[in-house]
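All remarks here apply to the structure that follows.
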Amino acid sequence: MIPTGPRGDRQRDWLDAAALRVLPVRDPLHGRVRPPGSKSITNRVLLLAALAHGPSRLSGALKSDDTRTMAAALRTLGIAIEEPDATSFLVHGNGRLDVPEGPLCLGNAGTATRFLTAAAALVAGPVLLDGDAHMRVRPIAPLVEALRSLGVRVDCPTGCPPVRVHGTGRLPAGRVEVDASLSSQYVSALLMTAACGDGPVEVALRGDAIGARGYVELTLAAMRAFGADITAPAPGAWRMAPTGYRARDLLVEPDASAATYLWAAGRLTNGAIDLGIAADAFTQPDAAAASLIAMYPAMPAVIDGAQMQDAVPTLAVMAAFNHHPVRFTGIANLRVKECDRVRALADGLSRIRPGLGTEHGDDLLVAADPRLAGQTLPARIDTRNDHRIAMSFALAGLLIRGITILEPGCVAKTYPGYWSALETLGVELEEGA
């Protein structure tokens, strides 16, 4: 059985529970689970469809807290969006965004906040974008600086949300440089808005550093699918013609970050889980983790996570059972995600066994020990309300008795069906204390 459709009663219980205990499996995990649609692609194409002229049907899309936040914000900006079924959006774009009656409240949705901050320049009036306490400490200054250099008036006193964009209904033509060392989302936000400029807009990297460059390629592919005319005048620079976007129907591929948990669950238990899609068929950067997962229990001693950042929590928990220690490098950007994931991983691993995970500057060192499997090691994992911390540490519970996940409902941010997917595979869960 593949978990689809609305949440069942048991799933609601897990999402509403204060804590959840994952029980070790007795047999290898086998079965078929279709991951949800890609969050990264869904949020990109929702915005592009909204900026296009005409109706676009987005099938296979993710319905989660993050994508519902994006859809709700676009509705506030005057876009009619229907949801004909559990995995589709029908977006009626009209080539413009209206002045909202109130602020855009975006919670801790990083993609929605960054993308809509740039898109707000196309609104003929002020737009206030705000988030929860976590979002209010997530940096957005490089994007704000880039917009200002194009002549957009933006108020952002702290360098983090809230942000007020005084849009004029247009984005001036020109060239803009952006510091993408903290997040590639700044680049993606500018690129998607740039195709709606008054004239050609060139977006260029400031310096060579960029977090998860593969997501920029994902953005460019989505833009081209909606009719954008993009050229690359130099390495690290892209020139958008002022084409706007054309409506189209699009099938969203499954989420590669979600797939990593399922690949890992199969590998850790010597099983095999059929996702209905081969690892090399994904276009998302996190799919590169599949080859590392396949190497378990002989994963490399050093793993550079710079270009597959959302897969690092999965790999780090797997590394706890590896045959030798693993150092994760290139992951400084994980400190400015939904939580400080470097610290959260080190803390969670060390709750399982002191010293299992340690921070070395911005690196994470996992002191692997395959003998952990089969032990009873009571550990309450503080997820910091971060969906990726919850889902990755659930993997430890497949092999260790006593793993309790706090705030399990946080998985609704990107994978509401995660706990029911594990149950479908035969994993036993129980409410934790």
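Read-outs: derived from the displayed coordinates by stated rules, not from any lab. Keep in mind that what you see is a predicted model, and the values were worked out from it rather than measured. Neighbour counts are summed over all protein chains in view; Cβ atoms, including those assigned to glycine, are modelled from backbone coordinates with ideal geometry.
General remarks:
- Paramagnetic reach from R175 in region 114-157 [backbone N under 14 Å; point 7 Å along Cα→Cβ]: 150
- Footprinting exposure proxy for Y261, Y186, Y215 (fewest neighbouring C-beta atoms within 10 Å first): Y215, Y261, Y186
- Fewest-first ordering of I277, I405, I79, I210 by other beta carbons within 10 Å of each residue's beta carbon gives I277, I79, I210, I405.
- Cβ crowding within 10 Å, taken as a proxy for footprinting-reagent exposure, orders C196, C160 from fewest neighbours to most as C160, C196.
- Applying both filters, DSSP loop and at most 11 other Cβ atoms within 10 Å, to the chymotrypsin sites (Phe, Trp or Tyr not before Pro) of region 263-336 eliminates every site.
- Computed from label points 7 Å out along Cα-Cβ, the spacing between A433 and T168 is 6.4 nm.
- If you model the chain as an ellipsoid using its alpha carbon gyration tensor, with each semi-axis the square root of five times an eigenvalue, the axes come out at 37, 23, 19 Å, biggest first.
- Tensor-based shape of region 39-251 (alpha-carbon gyration tensor, a/c under 1.5 rounded, otherwise prolate or oblate): rounded
- Volume per residue of the C-alpha convex hull in region 166-257, rounded to whole Å³: 114 Å³
- Spatial separation of Cα centroids for region 267-288 and region 174-245, in angstrom: 29 Å
- Helical contribution to [θ] at 222 nm, DSSP H n ≥ 4, -39,500 (n - 2.57), averaged over the chain, rounded to 500: -9000 deg cm²/dmol
- Candidate lysines for bridging to K337, where Cα separation is under 17 Å - those fewer than 8 sequence places away on the same chain excluded: K39, K413
- The slack in the chain from A298 to L23, taken as 0.36 nm per residue of separation less the alpha-carbon distance, amounts to 96.5 nm.
- Histogrammed with a bin width of 10 Å, the alpha carbon distances of region 10-68 distribute as 16, 30, 29, 17, 6, 1 percent, first bin at zero.
- Taking a straight Cα-Cα cut-off under 15 Å and skipping sequence neighbours fewer than 8 places away in the same chain, the aspartates and glutamates within cross-link reach of K63 are E82, E83, D85, E253, D255.
- Antiparallel DSSP beta bridges within the chain, percent to nearest 5: 65 percent
- Three-way shape call for region 310-433 based on the alpha-carbon gyration tensor, with the a/c threshold at 1.5: oblate
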